[in-house]
Amino acid sequence: MKILLVGGGGREHALAWKISQSDKVDKLYCAPGNAGIAELAECVDIGVMEFDKLVNFAKEKQIDLTVVAPDDPLAAGAVDAFEQAGLRAFGPRKNAAILEGSKAFSKDLMKKYNIPTAAYETFDSAEDALAYLETAEFPIVLKADGLALGKGVLICNTKDEAKDGVKTLMLDKQFGSAGNRIVVEEFMTGREVSVLSFVDGKTIKIMTSAQDHKRAKDGDKGLNTGGMGTFSPSPFYTEEVDAFCRENIYQKTVDAMREEGREFKGVIFFGLMLTDKGPKVLEYNARFGDPETQVVLPRMKNDIVDIFEACIDGRLDEIELEFEDNAAVCVVLASDGYPGHYEKGYEIKGLENFKSKDGYYVFHAGSRFEDGKIVTNGGRVLGVTAKGDTLKEARANAYEATKWIDFANKYMRNDIGKAIDEV
Ligand code: AMP
Ligand code: GLY
């Protein structure tokens, strides 16, 4: 088979690695890819939102299957564009990707179908939102309705902070049109877990759990980022939690989408919070997580191409997902300053240390070639993943492997997986 993967970050590098393990694959292309992905795939200089060019490329190269990984093209209808051209593509269509693309949609869906989530109100005008805040309880959470690179969520401890937040989102439009509408939500406390799943429209199969670290600095301080590191499995995702979510969240979400005429095929990522009143949905994503994918896929035993095809063809019930009985930890190496201002273009040294080392992976998130060298090209630069028999062993291995890499302004959190010590 010839496969085209759309995207160019750490998640896509992990996907490219997993896809290239499949016996079915003769040739893998990636648009646009990055310097790490280039070792596994032929990178093509087409942006993820250039649907016409992507479709033409897929026709020209007779691509058998396209995998669309990032949220923006999914929400904008990339899969629809391929299907309209008679091509096979993995991922939700536009009318289903709205599960992530609109927080107001997903909250209304959960309310209608009785899926546990935080209480909320939706506002289309700043005036109404500000009036609501007068009698609200704090802390409170403000969310831009649309896609905002995972950064359109403000947790406000006081009324004044919340008022400023409404201004930032709705009047100053810091996240553009994503803030035309906002969701104001009850603040929940508890441990967060990421659960990825494959869905074929009717059947849902759950992958192993993971936990992300969204804040930039140790001790969960600093600004929200795309994710600074992950571990898998989450020891807090117990059998009891799993049973509750299977009964109250997972299948109900798939059925609700079908009921709404928005059949979902692809990956649903459940962002869960384990509150003292039971697990609740924080958010849905309509795609693989980044950097969750970097710890989940290295532990997956299945041929991922089989799963993609089963999802598209509606026969996921025939597939048994299997994961290794071990653990993985990913530590993100970022450019100092991320998610604020940072510099790029610095040579990355030490990548060769990962060659043929079983259980160690270096996934490129932001890298490119320059004069025959690989240089930094983003806020998140690399994801260093290591496996181990236990979470503690995996964490020690991952931190050891971070020492193999060097580049100017290298920054990482030193407490990825600290929660493991509480178990
Ligand atoms: P989201 O993009 O909706 O997942 O929000 C980003 C992050 O904000 C989450 O991972 C949580 O850490 C936090 N968050 C979102 N909603 C809530 C909530 N209702 N209560 C507490 N924290 C929240
Ligand atoms: N790691 C969180 C996300 O992919 O949205």
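ASP218 - would you say it is open to solvent by 10 Å² or more (accessible area, probe 1.4 Å), in contact with a strand residue (DSSP E or B) (Cβ under 6 Å, 6 or more places away or on another chain), at pLDDT 95 or above and closer than 21 Å to VAL331 by Cβ?
No, not satisfied.
Does the range 221-237 contain at least one residue that is within 15 Å of GLU292 (Cα to Cα), away from ligand 1 (no atom under 15 Å from the Cβ), within 19 Å of the chain's Cα centre (by Cα) and open to solvent by less than 30 Å² (accessible area, probe 1.4 Å)?
Yes: one or more hits.
Could you look through the range 273-292, keep only residues that are more than 10 Å from ligand 2 (Cβ to nearest atom), farther than 14 Å from ASN248 by Cβ and part of a loop (DSSP other than H, G, I, E, B), and pick out the one that is most open to solvent (accessible area, probe 1.4 Å)?
Among those residues, the one meeting the criterion is ASP276.
Specify the residue that is farthest from ligand 2 (Cβ to nearest atom); the eligible residues are those in the range 254-267 that are open to solvent by 10 Å² or more (accessible area, probe 1.4 Å) and in a loop (DSSP other than H, G, I, E, B).
GLY261
Take the residues in the range 200-217 that are hydrophobic (A, V, I, L, M, F, W, C) and within 15 Å of ligand 1 (Cβ to nearest atom); name whichever of them is nearest to ALA97 (Cα to Cα). Before you say what the answer is, go through the steps one by one.
In the first step, residues of the range 200-217 are kept if they are hydrophobic (A, V, I, L, M, F, W, C); the result is 204, 206-207, 210, 216.
Right, trim to within 15 Å of ligand 1 (Cβ to nearest atom) and you get 210, 216.
Working: ALA210: 22, ALA216: 28 Å.
Per the stated criteria, the residue is ALA210.
Checking the conditions here, which among GLU322, GLU352 is under 30 Å from PHE236 (Cα atoms), acidic (Asp, Glu) and open to solvent by 70 Å² or more (accessible area, probe 1.4 Å)? Explain how you work it out, then say what you get.
Working: GLU352 fails: under 30 Å from PHE236 (Cα atoms).
None of the other options fit; the residue is GLU322.
Report, by residue number, each residue of the range 205-215 that is in a strand (DSSP E or B) and either surrounded by fewer than 16 Cβ atoms within 10 Å (Cβ to Cβ) or modelled with pLDDT under 95 (or both).
Selection gives ARG215 alone.
Kindly indicate whether PHE270 is open to solvent by less than 10 Å² (accessible area, probe 1.4 Å), of a type in the set (Phe, Trp, Tyr), within 16 Å of ligand 1 (Cβ to nearest atom) and assigned to a strand (DSSP E or B).
In short, yes.
Restricting attention to the range 322-376, and to residues there that are touching a His at 6+ places or on another chain (Cβ under 9 Å) and hydrophobic (A, V, I, L, M, F, W, C), which single residue is nearest to GLY388 (Cα to Cα)?
So, considering only residues that are touching a His at 6+ places or on another chain (Cβ under 9 Å) and hydrophobic (A, V, I, L, M, F, W, C), the one nearest to GLY388 (Cα to Cα) is VAL362.
ARG413 versus (1) open to solvent by 30 Å² or more (accessible area, probe 1.4 Å); (2) outside any strand (DSSP E or B): which is the lone unmet condition?
Exception for ARG413: condition (1).
Would you point out which residue out of GLY314, GLY372, GLY388, GLY417 is among the small types (Gly, Ala, Ser) and within 22 Å of the chain's Cα centre (by Cα)?
GLY417
Can you tell which of GLY47, GLY33 is of a type outside the set (D, E, K, R), open to solvent by 20 Å² or more (accessible area, probe 1.4 Å) and more than 16 Å from ligand 2 (Cβ to nearest atom)?
Every option except GLY47 fails the conditions.
Just to check your reading of the model, which residue among GLU247, GLU240, GLU260 is more than 15 Å from ligand 1 (Cβ to nearest atom) and touching a helix residue (DSSP H, G or I) at 6+ places or on another chain (Cβ under 8 Å)? Outline the logic, then answer.
Working: GLU247 fails: touching a helix residue (DSSP H, G or I) at 6+ places or on another chain (Cβ under 8 Å); GLU240 fails: touching a helix residue (DSSP H, G or I) at 6+ places or on another chain (Cβ under 8 Å).
The unique qualifying residue is GLU260.
For the range 321-334, give me the residue count where each residue is in contact (Cβ under 8 Å) with a residue 12 or more places away in the chain and outside any strand (DSSP E or B).
Looking only at that region, the number is 4.
Looking at this structure, is GLY314 on the phi > 0 side of the Ramachandran plot, surrounded by fewer than 23 Cβ atoms within 10 Å (Cβ to Cβ) and small (Gly, Ala, Ser)?
yes
Check VAL295, VAL305 and return the single one that is touching a residue at least 24 places away in the same chain (Cβ under 8 Å) and within 16 Å of ligand 2 (Cβ to nearest atom).
Of the residues listed, the single one that is touching a residue at least 24 places away in the same chain (Cβ under 8 Å) and within 16 Å of ligand 2 (Cβ to nearest atom) is VAL295.
Return the residues of the range 176-204 that are open to solvent by 50 Å² or more (accessible area, probe 1.4 Å), touching a helix residue (DSSP H, G or I) at 6+ places or on another chain (Cβ under 8 Å) and of a type outside the set (S, T, N, Q); say none if nothing qualifies. Spell out how you get there, then give the answer.
Looking only at the range 176-204, we keep the residues that are open to solvent by 50 Å² or more (accessible area, probe 1.4 Å), and these are 177, 180-181, 186-187, 189, 191-192, 202.
If we keep only those that are touching a helix residue (DSSP H, G or I) at 6+ places or on another chain (Cβ under 8 Å) too, we end up with 180-181, 191, 202.
The answer is ARG181, ARG191, LYS202.
The values are calculated or read from the model by the stated rules, or taken from the named source; none is laboratory data. All of these numbers come straight from a predicted model, not from anything done at the bench. For neighbour counting, all protein chains shown are included, and Cβ atoms are generated from backbone atoms with ideal geometry for every residue, glycine included. Calculation scope for accessible area: heavy atoms of the full protein, side chains included, ligands and nucleic acids excluded. Shrake-Rupley method; radii C 1.70, N 1.55, O 1.52, S 1.80 Å.
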